[in-house]
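The values are calculated or read from the model by the stated rules, or taken from the named source; none is laboratory data. Remember, it's a predicted structure, so these values are computed and weren't measured experimentally. Neighbour counts are summed over all protein chains in view; Cβ atoms, including those assigned to glycine, are modelled from backbone coordinates with ideal geometry. For accessibility, only protein heavy atoms count, side chains too; no ligands or nucleic acids. Shrake-Rupley method; radii C 1.70, N 1.55, O 1.52, S 1.80 Å.
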Amino acid sequence: MSRTLSSFVALLCLLLGPTVSAQTKADDDFRVTLLGTGTPIPDPDRFGPSTLVEAGNQKLLFDAGRGVPIRLRQLKVPLGNIDALFLTHFHSDHTAGIPDLWLTGWLGFNRKKPFRVIGPVGAKALMANLEKAYALDIKIRLEDEKLPLEGVATAAEEFEQDGVVYDKDGVKVIAFTVDHGAAIKPAVGYRIEYKGRAVVISGDTRYDQNVIKYGAGVDLLIHEVCIARPELLSNIYIQRVVAHHTSAREAGQVFSLTKPKLAAYSHLVFLASDSIPRASVDDIVAGTRETYSGPLEVGADLMSFEIGDTVTVRPRNP
């Protein structure tokens, strides 16, 4: 190569370098992190159900189970920086972290805008009653610590039908009804769209056609799963719990029909008794493989997914 041509190539690389770098960064600004993958049963390794979606400059949280502020702190995400919290339904394991997120985000993290909550009908009543429950704490801190009043305000929004419930700066969130059992209504899942890519969070559900409809061809499909050893299925209570969730085999059918770039499990419902131990992650994988052979991840707390041309999995840091 001549010296002139070499110089031209070097100059071209210099000029294109920042563009390539900027493009790489632009393709790396859609990230999903599993904050909690557990159940109502306290587990130090699996906190309550919650998923963080970061798209561009926005941070959206889906459900707020036990320990969510701790997981956000581990990620170095200020609690006051959550733009909106979306609720799938009103079981306590999905909402127990709300007071901590709301009030602690007002304290040392200095939220200076209302705490925004979006969910099906019931979200307004939930937040209004939390405001009543913590009214004395709020009064004391306003008088004693002089915290900004707007930072503890809440802004709850409700929806009744499937459709777009959030649309800001290129990020669109679509809610859709799911079947968590006849008595557990409302219950919804969410589809998050950004830059031509999409992620679906099933919420708590049985095998459901709406998950298949909204999950078709997505980049990442995050689904709940429930598993119990056969010896447990004679227990009436266990039968009821199983009937409200999706088995690994059924979830595999959902994945086979939707064909996501990556299927992932969160909210792993392991059922057990004093005499019969719970099943294992390997059992979940084996059940899924009966009906699905594609890419699969069994989620763990703080596992993240970067959504680009491919879906890159980042395991939890030690």
Exercise for review: Using the structure shown, select from Lys112/Lys172; Lys113/Lys139; Lys76/Lys112; Lys59/Lys112 the pairs with a Cα to Cα distance greater than 22 angstrom.
Suggested key: Lys112/Lys172
Exercise for review: Please report how far the C-alpha centroid of segment 102-164 lies from that of segment 235-302, rounded to the nearest whole angstrom.
Suggested key: 34 Å
Check your understanding: Could you name the aspartates and glutamates in cross-link range of Lys185, using Cα to Cα under 20 Å and dropping any fewer than eight places away on the same chain?
Key -> Asp63, Asp93, Glu157, Glu158, Glu160, Asp162, Asp204, Asp208, Glu224
Point to revise | lysines with Cα under 16 Å of Lys259, excluding same-chain neighbours fewer than 8 positions away | key: Lys213
Point to revise | Gyration tensor (alpha-carbon) shape descriptor, the chain, a/c threshold 1.5 | key: oblate
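Before rounding to the nearest 500, sum -39500 (n - 2.57) across all DSSP H runs of length at least 4 in the chain and divide by the residue total; then give [θ] at 222 nm in deg cm²/dmol.
On the way: 10 runs with 99 residues, N = 318.
My calculation for the chain gives -9000 deg cm²/dmol from helical runs alone.
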Point to revise | Anisotropy class of segment 104-184 from Cα gyration tensor, a/c 1.5 cut | key: oblate
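Quick one: longest stretch of the chain between exposed loop GluC sites (Glu not before Pro), exposed meaning at most 13 other C-beta atoms within 10 Å and loop per DSSP?
On the way: sites that count: Glu145, Glu160, Glu290.
The answer is 1-144.
Under the definition of Cα pairs under 8 Å and six or more residues apart, what whole-number percent is the relative contact order of the chain? Write down the numbers at each step before the final one.
Values: 665 pairs, mean separation 50.2, N = 318.
Relative contact order comes out at 16 percent.
In the chain, what percent of the accessible surface is made up of carbon and sulfur (1.4 Å probe, ligands and nucleic acids excluded)?
Numbers: 8450 of 15280 Å².
Of the solvent-accessible surface of the chain, carbon and sulfur hold 55 percent.
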Practice item. Would you list the membrane-span-like helices of the chain, meaning whole DSSP H runs whose alpha-carbon atoms span at least 30 Å along their axis and whose mean Kyte-Doolittle value is at least -1.0? Key: 3-26
Check your understanding: Quick one: if the Förster radius is 45 Å, what FRET efficiency do Lys139 and Ala183 give, using the C-beta to C-beta distance and rounding to 0.05?
Key -> 0.75
Revision key, fill the gap. Of segment 111-146, those with amide N under 14 Å from the point 7 Å along the Cα→Cβ vector of Ala153 are 111-117
**Study point:** Hypothetical label at Asn57: residues of segment 157-198 whose amide nitrogen lies under 16 Å (7 Å Cα-Cβ projection)
**Key:** 168-171
**Study point:** Tyr265 long-range amide H proximity, modeled H, under 5 Å
**Key:** His223, Glu297, Val298, Gly299
**Study point:** Computed label-point distance, nm, for sites Ala243 and Asp29 using a 7 Å Cα→Cβ extension
**Key:** 4.9 nm
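Any idea of the accessible area per residue across the chain, 1.4 Å probe, to the nearest Å²?
Values: 15280 Å² over 318 residues.
With the other protein chains kept in place, the chain gives 48 Å² per residue.
Counting DSSP beta bridges with both partners in the chain, what percentage is antiparallel, nearest 5?
Values: 35 of 59 bridges.
Of the beta bridges lying entirely in the chain, close to 60 percent run antiparallel.
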Practice item. Compute the length gained on full extension between Thr312 and Asn210: take 0.36 nm times their separation in residues and subtract their Cα-Cα distance, giving the result in nm to one decimal. Key: 34.1 nm
**Study point:** Descending Cα extents along the principal axes, segment 239-305, whole Å
**Key:** 39, 26, 19
Check your understanding: Using 7 Å Cα-to-Cβ label points, what is the Asn235/Gln161 separation (nm, one decimal)?
Key -> 4.3 nm
